[in-house]
């Protein structure tokens, strides 16, 4: 999805059935805020998810609401916010057998590369 001026978060909506297919490959949602690679079985076995609509959101996080020491530790580095809802309600997703991969547009500084 191309970056859109003034937009800080992007949401991918899909039926849970499309994310409950064992061995179905992956889906990558690329945005200006970052990319999410979802395994086709990420929602498999999640109680109460069957038949619902999933909405997965990635966006720029709000540093202003964080404690000062955490804001200082983050500095100028990007902060992203991720969420998933089922039929519009926040969902707690946990499926260790279906890892989600998150990529963010960040290039480490020379100091970070020298001392990760």
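The values are calculated or read from the model by the stated rules, or taken from the named source; none is laboratory data. Source: prediction; values computed, not measured. For neighbour counting, all protein chains shown are included, and Cβ atoms are generated from backbone atoms with ideal geometry for every residue, glycine included.
What to note about this one:
- Test: residue in the stretch 6-21 that is within 12 Å of the chain's Cα centre (by Cα) and in contact (Cβ under 8 Å) with a residue 60 or more places away in the chain: yes
One line per residue, one yes/no per condition, for (1) surrounded by 13 or more Cβ atoms within 10 Å (Cβ to Cβ); (2) within 17 Å of the chain's Cα centre (by Cα):
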site: 24; (1), (2): yes, no
site: 35; (1), (2): yes, yes
site: 58; (1), (2): yes, yes
site: 61; (1), (2): yes, yes
site: 70; (1), (2): no, no
site: 76; (1), (2): no, no
site: 80; (1), (2): yes, yes
site: 100; (1), (2): yes, yes
site: 109; (1), (2): no, no
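- Within the stretch 27-48, considering residues that are free of Cβ contacts under 8 Å to residues at least 24 places away in the same chain and part of a strand (DSSP E or B), the one farthest from residue 61 (Cα to Cα): 27
- Lone qualifier among 51, 13 - being exposed (fewer than 13 other Cβ atoms within 10 Å of the Cβ), under 22 Å from residue 89 (Cβ atoms), modelled with pLDDT of 90 or more and in contact with a strand residue (DSSP E or B) (Cβ under 7 Å, 6 or more places away or on another chain): 13
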